[in-house]
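Working notes for the structure below.
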Amino acid sequence: WRKEKETEISTKEQRLQQYQAQKAGPEGELYRKQSQMEYELLSKVKAAVDQVAISKGYDFIFDGSVALLYGKPTHDLTDDVLFELRKAKGN
């Protein structure tokens, strides 16, 4: 009887680990959904940045990951990009 219960518990633990890997592992549903959402969001941000660049005549726009020591606040396009994102969301 004890051996049967140990085998049953072991089988259930394996099933649980497989389920966790399927849902939350590196190739799981959660990871794929997160990647898809990030891609969609970044695509929308890129489109908004492109629109701001075209409308304001910019040749280059750098993201915040570039080590910029100083920049005039008037060159910060964050509000313009957010405006474009809100405008696109309304469509």
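A few remarks follow.
- Against the test of being among the charged types (D, E, K, R) and modelled with pLDDT of 90 or more, the options Glu27, Glu8 yield a single qualifying residue, Glu8.
- Test: residue in region 18-31 that is touching an Asp or Glu at 6+ places or on another chain (Cβ under 6 Å) and either among the basic types (Lys, Arg) or farther than 17 Å from Phe83 by Cα (or both): yes
- Candidates Lys3, Lys44, Lys33, filtered to the one that is touching a residue at least 40 places away in the same chain (Cβ under 8 Å) and either in a loop (DSSP other than H, G, I, E, B) or not acidic (Asp, Glu) (or both): Lys44
- Qualifying residue in region 19-30 (condition: free of Cβ contacts under 8 Å to residues at least 24 places away in the same chain, under 21 Å from the mean Cα position of the chain (by Cα), surrounded by 10 or more Cβ atoms within 10 Å (Cβ to Cβ) and assigned to a loop (DSSP other than H, G, I, E, B)): yes
- Residue that is surrounded by the fewest Cβ atoms within 10 Å (Cβ to Cβ) [pool: residues in region 62-82 that are part of a loop (DSSP other than H, G, I, E, B) and modelled with pLDDT of 90 or more]: Lys72
The values are calculated or read from the model by the stated rules, or taken from the named source; none is laboratory data. Small disclaimer: the values here were computed from a predicted structure and weren't measured. Note that each Cβ is placed from the backbone with ideal geometry, even for glycine, and that neighbours are counted across all protein chains shown.
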